[in-house]
Each structure stands twice: as structure tokens, then as C-alpha cells.
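A short worksheet on the structure shown next.
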Amino acid sequence: MSLVTYPETRPWAADIRDAVRSKAMPPWFADPCCGHFADDPSLTTQEISTLVSWADGGTPAGNSQDAPAPPHWAEGWNISAPDAVVRMPEPVAIPAQGDVEYTYEIVPTNFMEDKWIQMSEVRPSARQHVHHAVIYIRPPGSDWLRAAPVGVPFTASSLGDEHLRHQAHETQSDILLVYAPGSSPDQWPEGMAEFVPAHSDLVFQMHYTSNGHAATDQGSIGLVFAKRTPEQRVLTLQLANDHDTIPIPPRADNYRVEVHGTLPNDCTLLSFFPHMHLRGKRFEYNIVHGDRTAETLLRVNYDFYWQLSYRLAKPRFLPAGTDLQAVARYDNSRRNRHNPDPDSAVTWGDQTYNEMMVGFFDVAVPAAIGKADFFVRHR
């Protein structure tokens, strides 16, 4: 529903009251035990009281002359008007029923010079069918999927070469943006940006789900360029489970999966983006100190339908050698109202009824340091 004007908002007053009083809205799932986040939209006690009083008090309109100016939105975007829009050249047909394999589309940027990306936003055209999207940067020197078709959709199984099929599932390429239901665009502060080399391709990895209605999707990504070369480059990294830590047993209500990683070089931690599926219950990121005590940076009470980013209010410097830990917990019991089958073990896999554990996180490094450079470990 639209909540832009008073006439549009007034019919929803009782729902608004109930949602803010229960703190179901605005959506925010970070446990207040740990961390402070710049994008926390939570309402204060006073703000909640004001909305409840308004709903219970006859929903008065107020003086229109006291209203602020309406916000200015770039048409169709939640970022500033894009400097460039890279669109999938061919639409993808999505069936009404059945599983849909990951779909890829390689799109040349045709950038004649290096670009620094300050803001980016993914816009599917069939949003209701998109489980997630990952947009990868393929620089001109990369051999990743070089023999795959360009400008047309394909899946791993449609590739004739076994090596190519393997490449479709694993890559070391930079990630430009991850999109999932509820996620926000990337908007980096002045002096930080992501890097797209001249003549790069963007590789759209699209995970579609069927919902009883056939559709087509032709997604795009809007890009806002930095006005000057930044001092720091943003890299998206991840802590992910291996396949041996899942299956999750039937009716298990707090199944635990843990992953560790040691930072090879200094960096500044910016934000987190946890990803699980329907059995996801809780996800946390920790620093494990030398005495084996864990410092929790973020603990999320996970909701698959609102996969939010969590941006640190104050970025944190992490020295080389920092031991990062991600811990996920899963609820495969009947108490999980989203659980499609609590009596079966849940295996690792791409589909929503399978499970995953990916702890994305963003860091800033000196502008001259690329992802491959960052992972060179020095004595």
C-alpha cells in the first residue's frame, strides 16, 4: 500500500498502530545486545506512542501547511538518478511450476574507462519471482566463463563443457551487489566506492522461483559513479558453509553451523548481509580473540522475507590475522511457521526448500588493492 499522502494512509491506521506497537514495522532484526548500525529504522518509544495515539484518536489530518516538502525520488529508483543502467539484453522465461536452475546473463558494460561505483541498485522486472540476484564484475583479463554465451540467458546444465559448468558455480570475481527480498541498494560514503575496470562485463546470476504464474524477467542494475577517485575500495567478502555441515535433522529447532576465516590483510569493516533460507533462525558474526573469547559484532533474528543489510554506525578497523566467525542456527521444527516440511532432513542446495549459509560482509581497503591482492598473505 502507499503511505505517501494522508488519504492513502488513513485507511491503514489500525494496521499501522498494531505493526509499530508490536515492532513488526519498520522491519529490523538486529539484536540490540550487539553493535550500533547506521541504517537502523527502529522507532523511538515516543514515535510509537504518537502513531498509536493518532490511530486511537480519530486519525486527525493535521495542518497541511506544516507538512514537509514531499521527498524527491529519481523515477523508479531508490538511489540518485543513475549515470548508467546495465540491463540484461534478453528476458528470461520463468515457468509457472517447478524448480528453476540458476540463470546467468553476461552483459558488456562498454565502459571505455575505469569506473568507481558510489551507488548501485538491482531492479528485477518480475520481482515476485526473484529469490536473489548476485551481480559479478568480470574484468577483461578474467577467464571466468569465457566460453559461455554473451548477452543471452544460460544455466550451468546448458553448458556443454564440464569445466564451464563448474565455473558457473564457483568464482573468485568481485561482487558488485547482492539483492534479495527486503535488501537495500548500496550507497557508499564519500571517499569509498566499488571498482569496475574499463571494458568489464557484468555477470547477472539470477535465482528465480516459480509461484504458479509464468512470467518473464529482464533485470537491470543502476549505477551512480563517484565524482572523484576514492581513497578506499569496497570489497564484498563472504564466510560460507561447506556442504558437509548440512543436512539439518528433522524437527531440530536450533541446529548450529559455524564457519571461520582469517583476514589476510588489514581492512575496515563496513557492513553485513546474512543469507539463509526458510529454516534460518539466527545469524551472528563474531571476532574470536586470542584467548578464544568471542566478541559479537551482529546478531540477527533472521527473517527470510526481509533480508536486510546492517551497516556499522562506526566502521571498524580490523588488522590482518583477525579471526572472523559466522554462526547460523536453523529451526526445522513445527514451531517455524515458514517450514514446508519439519519431518524431513534439510539438505544443502540452491532452492528455497533447501538450506544455505552465507555471511556476506563489506570491507574497505586502499583504492589500489584489488580482491586478488587482498588475499595475498604476507609474513
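The values are calculated or read from the model by the stated rules, or taken from the named source; none is laboratory data. Here the structure is a predicted model, which means the values were calculated and not measured. So basically every Cβ, Gly included, is an ideal-geometry build from the backbone, and we count neighbours across all protein chains shown.
Laid out as a table, the results:
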quantity	calculated
Within the stretch 99-113, considering residues that are assigned to a loop (DSSP other than H, G, I, E, B) and of a type in the set (D, E, K, R), the one surrounded by the fewest Cβ atoms within 10 Å (Cβ to Cβ)	Glu113
Residue match in the stretch 306-315 (condition: assigned to a loop (DSSP other than H, G, I, E, B), crowded, with 17+ Cβ neighbours inside 10 Å, touching a His at 6+ places or on another chain (Cβ under 7 Å) and modelled with pLDDT under 95)	yes
Qualifying positions in the stretch 52-76 - in contact (Cβ under 8 Å) with a residue 12 or more places away in the chain and touching a Pro at 6+ places or on another chain (Cβ under 8 Å)	Trp54
Qualifying residue in the stretch 120-132 (condition: under 18 Å from Asp186 (Cβ atoms), part of a loop (DSSP other than H, G, I, E, B) and of a type in the set (Ser, Thr, Tyr))	no
Residue pairs meeting the criteria (Cβ under 7 Å; at least 6 apart or on separate chains; first without any contact (Cβ under 8 Å) to a residue 60 or more places away in the chain, in the stretch 299-323; second surrounded by fewer than 14 Cβ atoms within 10 Å (Cβ to Cβ) and not small (Gly, Ala, Ser))	Gly321/Thr262
Any hit, the stretch 184-194, residues being buried (at least 20 other Cβ atoms within 10 Å of the Cβ), over 18 Å from the mean Cα position of the chain (by Cα), not charged (D, E, K, R) and not assigned by TED's automatic domain parsing to the domain that holds Val365	yes
In the stretch 156-180, the residues that are in contact with a Phe, Trp or Tyr (Cβ under 9 Å, 6 or more places away or on another chain), under 24 Å from Leu278 (Cα atoms) and exposed (fewer than 15 other Cβ atoms within 10 Å of the Cβ)	His169
Criterion (under 24 Å from Ala193 (Cβ atoms) and of a type in the set (Lys, Arg)) met by exactly one of Arg146, Arg87	Arg87
Residue check for Val4: surrounded by fewer than 16 Cβ atoms within 10 Å (Cβ to Cβ) and more than 30 Å from Ser158 (Cα to Cα)	yes
Complete set of residues in the stretch 32-52 that are of a type in the set (S, T, N, Q) and surrounded by 11 or more Cβ atoms within 10 Å (Cβ to Cβ)	Ser42, Ser49, Thr50
Considering residues of the stretch 1-42 that are hydroxyl-bearing (Ser, Thr, Tyr) and more than 23 Å from Leu298 (Cα to Cα) only, the residue modelled with the highest pLDDT	Thr9
Positions within the stretch 81-90 being in a loop (DSSP other than H, G, I, E, B) and surrounded by fewer than 16 Cβ atoms within 10 Å (Cβ to Cβ), in sequence order	Ala81, Asp83, Pro89, Glu90
